[in-house]
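Read the figures in this text as sums done on the coordinates, not as results from a lab. Bear in mind that the values here come from a model prediction, so they are computed numbers and not experimental data. Here the Cβ positions follow ideal geometry from the backbone for every residue, glycine too, while neighbour counts run over all protein chains shown.
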Amino acid sequence: MLEVISSTAISAGQAVARSIEAQITAPAAGAVQPGGEVGFDSVLKQVTTDAIGTLKAGEAASISAIQGKESTRRVVEALMSAEQALQTAVAVRDKVVQAYQEVVRMSI
């Protein structure tokens, strides 16, 4: 059982990585700036929107399981994806705050 969960988590992680890579290499409409480059703000907004969607999907799967409409395996997969999305969002937030603090400390 643990091997199945581990392989599911690994494949979910790989899917998230491919999704983020695809978002970075293929920008959404309106994300391209005048020089043909992808804007950091648009990429960050898209990743945040995807993370929120993943968290909502995990919550919906949990509610469906309580109602008896969803299998345990599906709930575990959804919750693991939601946990990974939350951990990623927290890590990105921490890095952004750290970068801001470094910029503030710089002498002009």
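Report ³J(HN,Hα) in whole Hz for each residue of region 39-55, in order, from the Karplus equation J = 6.51 cos²θ - 1.76 cosθ + 1.60 where θ = phi - 60°; Gly and Pro get x.
Each residue's phi maps through the Karplus curve to give x, 4, 5, 6, 5, 4, 5, 5, 5, 5, 4, 5, 5, 5, x, 5, 5 Hz.
Cβ neighbours within 10 Å, averaged per peptide: list 45-55, 83-93 in order, most packed at the top.
With the highest mean Cβ count within 10 Å placed first, the list reads 45-55, 83-93.
Can you list the residues, at least 5 places off or on another chain, whose amide H is less than 5 Å from the amide H of Val38, using H built in the peptide plane?
Gln33
Taking R0 as 30 Å, what FRET efficiency do you get between Lys69 and Lys95 from their Cβ-Cβ distance, rounded to the nearest 0.05? Don't jump to the answer; show the numbers that get you there.
Details: r = 38 Å, r/R0 = 1.28.
FRET efficiency, Lys69 to Lys95: 0.20.
Enumerate the residues in region 62-90 having an amide nitrogen under 18 Å from the point lying 7 Å beyond the Cα of Thr49 toward its Cβ.
89
Taking Lys69 as the anchor, which lysines have their alpha carbon closer than 23 Å to its alpha carbon, excluding any fewer than eight residues away along the same chain?
Once the sequence-local lysines are set aside, what remains near Lys69 is Lys56.
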